[in-house]
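To start, the structure under review is shown below, and the notes come after it.
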Amino acid sequence: MKETPLSNCERRFLLRAIEEKKRLDGRQTYDYRNIRISFGTDYGCCMVELGKTRVLGQVSCELVSPKLNRATEGILFFNLELSQMAAPAFEPGRQSDLLVKLNRLLERCLRNSKCIDTESLCVVAGEKVWQIRVDLHLLNHDGNIIDAASIAAIVALCHFRRPDVSVQGDEITLYTPEERDPVPLSIHHMPICVSFAFFQQGTYLLVDPNEREERVMDGLLVIAMNKHREICTIQSSGGIMLLKDQVLRCSKITGVKVAEITELILKALENDQKVRKEGGKFGFAESIANQRITAFKMEKAPIDTSDVEEKAEEIIAEAEPPSEVVSTPVLWTPGTAQIGEGVENSWGDLEDSEKEDDEGGGDEAIILDSIKMDTGVEVSDIGSQDAPIILSDSEEEEMIILEPDKNPKKIRTQTTSAKQEKAPSKKPVKRRKKKRAAN
């Protein structure tokens with residue numbers, strides 16, 4: 001990940017604002033950004049917006065063979081992707097240190113905390129179990145990726161429904177959603193990560209840092225907790241030393257924030273389930289606000305058209321009549337015209353410099369013509385003395401007549417008229433033939 005470093009002026013500005021307990025987006029020290037949760041048309045698809053940070057979560061399932069050491073437990077797999085669409089600093093096709101750290105933190109938060117009953121994912125012990133895969137895609141990066149990713153992962157798992165199965169002997173029957181209702185996952189609790197950024201070696205603390213605050217922070221503390229105030233995982237990075245009181249204060253703040261976020265998640269899941277049961281419209285397209293310019297449709301507003309004709313007649317009657325004056329075009333020079341009053345058109349007039357150039361060019365043309373006429377006369381006199389060289393004013397291609405034991409001579413055709421071109425070109429050839437016959 002290659003980030004453009006901040007200038008010293010920007011760094012000093014951010015640190016001074018943090019010292020004065022001011023943030024760029026107007027939040028207070030312990031304020032969390034607004035969280036918005038929307039669901040797709042399929043189960044297990046959701047989008048979480050934490051301020052401007054946006055993460056898309058998708059859950060899928062597959063019947064696979066279990067692990068040898070855990071024959072009766074299903075498999076959970078988490079995958080977070082950072083693409084250049086989210087931020088230009090992310091390098092495609094390469095796992096950065098940040099990506100590895102985020103994936104490990106997600107696995108410890110969701111898998112190691114036993115938030116999902118993996119034994120309920122077993123179909124046939126030692127033969128077939130469900131593998132649940134959670135894919136998270138970062139769509140826009142504005143700081144605090146781990147919090148948005150943890151919320152998107154747990155929301156997608158709560159919203160997901162796996163197909164129902166039945167086992168008869170050695171046969172496993174997989175039912176479609178039309179045949180049997182899908183089965184939700186067994187979730188014990190919902191762990192959620194809350195991040196704390198420290199500045200000036202732990203002197204100042206901020207909750208939910210944005211992208212610019214992350215670039216000037218000295219250390220980061222991430223606490224994963226559920227609504228029962230049970231710490232699922234805790235991680236400190238940056239190499240700063242934290243006191244016991246600071247960690248306790250952060251854990252208390254985490255408990256309050258997790259309770260609020262959990263309530264928001266449950267309410268969003270309830271609203272989506274209610275809309276699906278009532279047969280209403282749902283999905284990402286329906287979650288876009290109609291007031292936005294990117295909305296697909298707008299609400300219909302009733303318009304009264306009963307007295308449109310009367311209003312139109314009143315407007316026409318009150319309006320001033322149009323002027324009867326018709327402008328006539330004025331022709332100044334050929335190819336130009338002027339309608340109405342205005343500045344005189346000088347399109348056809350030449351400037352002084354152009355006039356001088358034209359006059360000088362005319363004199364040169366007369367001199368050249370006289371020279372060409374003189375040369376034409378001289379050439380015609382020479383042509384009468386058995387010399388087949390004829391010069392002309394044209395720029396046509398040159399014709400070369402090859403003769404044995406003689407140097408090639410060039411002939412330029414004259415373009416004055418068709419008759420004058422043919423006459424001088426044929427006579428020299430006949431004379432040469434006669435001379436050759438005499439010899």
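The values are calculated or read from the model by the stated rules, or taken from the named source; none is laboratory data. On a predicted model such as this, the values are computed, not experimentally measured, just so you know. Don't worry about glycine lacking a Cβ; one is built from the backbone with ideal geometry, like all the others, and counts go over all protein chains shown. We work out accessible area using only protein heavy atoms, side chains counted, and drop any ligands, DNA or RNA first. Shrake-Rupley method; radii C 1.70, N 1.55, O 1.52, S 1.80 Å.
A few remarks follow.
- Some residue of region 80-92 being under 30 Å from Ser186 (Cβ atoms), part of a strand (DSSP E or B) and either open to solvent by less than 20 Å² (accessible area, probe 1.4 Å) or not hydroxyl-bearing (Ser, Thr, Tyr) (or both): yes
- Condition check for Glu107: more than 23 Å from Val165 (Cβ to Cβ), touching a Phe, Trp or Tyr at 6+ places or on another chain (Cβ under 7 Å) and either aromatic (Phe, Trp, Tyr) or not in a strand (DSSP E or B) (or both): yes
- Residues (among the hydroxyl-bearing types (Ser, Thr, Tyr), buried (at least 16 other Cβ atoms within 10 Å of the Cβ) and out of contact with any His (no Cβ under 9 Å at 6 or more places or on another chain)) located in region 93-148: Thr118
- Pairs with Cβ under 9 Å, 6+ apart, first in region 275-288 and farther than 21 Å from Ile35 by Cβ, second modelled with pLDDT of 75 or more and exposed (fewer than 14 other Cβ atoms within 10 Å of the Cβ): Gly280/Lys274
- Output for region 233-246, where each listed residue is within 21 Å of Pro191 (Cα to Cα) and open to solvent by less than 50 Å² (accessible area, probe 1.4 Å): Thr233, Gln235, Ser237
- Region 131-181, residues that are part of a strand (DSSP E or B) and under 37 Å from the mean Cα position of the chain (by Cα): Gln131, Ile132, Arg133, Val134, Asp135, Leu136, His137, Leu138, Leu139, Asn140, Arg161, Arg162
- Residues of region 183-209 that are in a loop (DSSP other than H, G, I, E, B) and either among the aliphatic types (A, V, I, L, M) or modelled with pLDDT under 90 (or both): Leu185, Met190, Gln200, Gln201, Gly202, Thr203.
- Selection within region 53-79 - over 22 Å from Leu174 (Cα atoms), part of a strand (DSSP E or B) and of a type outside the set (Phe, Trp, Tyr): Thr53, Arg54, Val55, Leu56, Gly57, Asn79
- Pairing each residue of region 79-104 that is closer than 19 Å to Val59 by Cβ with any residue that is open to solvent by 20 Å² or more (accessible area, probe 1.4 Å) and charged (D, E, K, R), provided the two are 6+ apart or on different chains, yields C-beta distances under 6 Å for Asn79/Asp135.
- The residue of region 28-75 that is modelled with the highest pLDDT, among those that are within 19 Å of Asp117 (Cα to Cα) and surrounded by 20 or more Cβ atoms within 10 Å (Cβ to Cβ), is Val59.
- Exclusive hit being open to solvent by less than 50 Å² (accessible area, probe 1.4 Å), modelled with pLDDT under 90 and either farther than 24 Å from Ile145 by Cβ or not in a loop (DSSP other than H, G, I, E, B) (or both), set Ala259, Ala295, Ala224: Ala295
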